[in-house]
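Pasting a structure below so you can have a look.
Bear in mind that the values in this text are calculations on the coordinates, not laboratory data. Please read these numbers as outputs of a predicted model, since none were measured by experiment. Ideal geometry is used to build each Cβ from the backbone, glycine not excepted, and the neighbour counts take in all protein chains shown.
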Amino acid sequence: MAALPASKAINERHIANRLQYSLREYLSILYLRMSENFKIVLRGRVVLHHNLADDLKYIEYILYKPHSGGHVEGVVVTTIGFLKEAPDVNIHGFNVYHKNRLILPFWRVVSYSDCRGRGVVGILEANFIEPTHNKQDFERTSVFQKLEARLKDMTWEYWDCHCGLVGYQVRKQFRVTTPSKTPFNITVPAGTEHPQMLNQRVPLEHLRMLNERVPFTVKETKGRPEQFTLETPGKSREGVCMKRKADVLTEDEQSVRARQQNNQQDNVLLEQNMKLRVNCSEYEKREEELNLKATQLRSNIQEVELEIKRLLDELKSLEAVKVE
């Protein structure tokens, strides 16, 4: 019973819950990248930028290329990992940015009843979908629905491959059916490097069918032709994740340099954007001053016209008196 309050306190202190009532916490993650010349001041204090990727462990980068009508809509690199507080936190979801601005914080794409997906958090910048007018959601287009489905699969794939690293039980199984419709459940334990003996009689052709999904070597046991040995090329957890591993980006030197160059370009664009905003505000202020001055001049002109009219009327009255 003592662990429950501690877990509850960890959840309440997490930024995913604090941003619901703290404007400072929300502003700290409002922008994915911030220029050194750009600052947000709230009640006389500068808001410190918070990088959500720093809260993750066992990080992986997954490439996603959405297609629509046979054309590639864009390229997205999703940063995904477990929260450092996992498995003690009951938080999950994706932080979706659009053109450097946060639109959906901790967007829950999966609902779990057996902890599958718990603690998995991702960060991505989806510039290929349009946000709503209030910048609080995205337009429900077909591309958005495809992104939601891909993030759901991504969450489960990452969970199945890494849940054992944070203390959850690995329960990933593969199902193979025989011609007689009799199912055989073959479990490949995570982290197993030695051959695993099968206690069930599984026909060799069905093991070959399974080999198309998870690479392994099938060998007959001496003296027992009805039993076989599975020899995986590495840890079986890698075999479970072959589909996802094809999309994972290896963070080599070239990718690091490319990201640094992109960050530099983004910083330059942010600086230019800030300068343009300052110039725009100055022009707007100048426009207001000119409009006010024009209004005053119009008022003065009207007063002068009234004065001229009054003087003309007075002159006419004087001329009439002289004639009499």
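Return, ordered by residue number, the residues of segment 108-151 whose backbone nitrogen is under 17 Å from a label point located 7 Å along Cα→Cβ of L63.
Label zone hits: 125.
Now for a separate question. By count of other Cβ within 10 Å, fewest leading, how are H92, H71 ordered?
Arranged by neighbour count, lowest to highest, H92, H71 become H71, H92.
One-quarter of the Cα convex hull surface for segment 63-121, in nm²?
Computing the convex hull of the Cα atoms and averaging its projections yields 5.3 nm².
Taking other Cβ within 10 Å of each residue's Cβ, how do H162, H50, H133, H14 sort, fewest first?
Ranked by crowding around the Cβ, least crowded first: H133, H50, H14, H162.
Taking a 24 Å limit on the Cα-Cα distance, which of the listed pairs K8/K152; K99/K146; K99/K152; K39/K135 fall beyond it?
K8/K152
Can you sort V120, V143, V77, V278 by how many other beta carbons sit within 10 Å, fewest first?
Exposure proxy ranking, most exposed first: V278, V77, V143, V120.
For segment 45-94 and segment 288-324, what is the centre-to-centre distance using only Cα atoms, to the nearest Å?
71 Å
Once the cut-off is 18 Å, how many percent of the Cα-Cα pairs in segment 252-324 end up in the long-distance tail?
Counting every Cα pair in segment 252-324, those more than 18 Å apart make up 72 percent.
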